[in-house]
Amino acid sequence: MLALASLSFAADASMLTPPPGAQVAVVMFEDLQCPDCARSFPVVWDVAKAHNIPVMLYDFPLPMHNWSFEAAVYARYFDTKSKKLGDDFRGFIYQAQRNINPENLRQHVQKFADDNKVPLPFAVDPEGKLKAKVQADYALGQKINVQHTPTIFVIGRDVASGPPFVEVVDPAKLTEQVEDMQRKAGPATAAPVKRASAKGRKK
């Protein structure tokens, strides 16, 4: 949610760069229990696909939410099967968000797994590796001063003028901000990246 907005320090995404082969990317720090994230998620993907640029997702489960961290760990589990499956799971959770609570989260996860014919073990993260990745994303968000969810950036590589990122305050302006960054960053030097996720990066 758009929480903690009273803190006046702006987030600084200058340390984030698009994946190899892309000049521009959309970054979203998300909380799967956040209603604003649920509304923004399809907008982010629609704009990214329309402009053939990658989306980089980072987990930022807010402490006030009582099932978002666990849901993020499940999302990481599906990421291990494929990035597309992980992203589809996030979309599924956002659509079902209003009906989810800590007691029935696992039932929703099981339904998604069954619908996609993916086995769901009793313990999806026995060694805590997926939990550590969620925590690393959260720590990164804190480092760059993310204060609310969703926090969305358009980032560019080798930007000729101005900062290499812009925070998207109004998702309705995302298309405009993507196209502006594309003009500043220039064309990609390699084949366009149609789908990408922050989940594949090294920690």
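The values are calculated or read from the model by the stated rules, or taken from the named source; none is laboratory data. Only a predicted model underlies this, so the values are computations on that prediction, with no experimental measurement involved. Methodologically, a virtual Cβ is constructed for each residue, glycine included, from the backbone with ideal geometry; neighbour enumeration extends over all protein chains shown. For the accessible areas, the whole protein counts, side chains as well, though only heavy atoms, and no ligand, DNA or RNA atoms are used. Shrake-Rupley method; radii C 1.70, N 1.55, O 1.52, S 1.80 Å.
Tabulated data for the structure shown
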read-out	value
Principal-axis tilt of helix 83-96 within the chain, Cα atoms, nearest 10 degrees	70
Peptides ranked, highest mean first, by Cβ atoms within 10 Å: ranges 19-27, 156-164	19-27, 156-164
Whole-number accessible area per residue in Å² for the chain, which is evaluated in the context of all protein chains at 1.4 Å	50
Residue 167-residue 142 pseudo-label distance in nm [points 7 Å out on the Cα-to-Cβ vector]	1.8
Anchor residue 111: aspartates and glutamates whose Cα lies under 15 Å away (excluding residues fewer than 8 positions away in-chain)	88, 103
The chain: Cα Rg divided by the 2.2 N^0.38 Å rule of thumb	1.00
Rounded FRET efficiency, nearest 0.05, which uses the C-beta distance separating residue 81 from residue 176 and R0 of 35 Å	0.50
Whole-percent carbon and sulfur share, accessible surface of the chain, 1.4 Å	55
Centroid-to-centroid separation of segment 149-174 and segment 84-131 [C-alpha atoms, Å]	30
Long pairs among 117/143; 84/131; 49/81, criterion Cα-Cα beyond 27 Å	117/143
On Cα atoms only, tilt of 35-50 relative to the major axis of the chain in degrees	50
Reachable aspartates and glutamates from residue 133, criterion Cα separation under 17 angstrom, eight or more residues apart if same chain	30, 31, 59, 70, 79, 87, 125
Three semi-axes of the equivalent ellipsoid, segment 19-122, Cα gyration tensor, whole Å, largest first	23, 16, 12
Full-stretch length increase - residue 12, residue 49 - with 0.36 nm per residue and alpha-carbon distance subtracted	10.8 nm
Those residues of segment 12-39 whose amide nitrogen sits under 18 Å from the label point placed on residue 129, 7 Å along Cα→Cβ	none
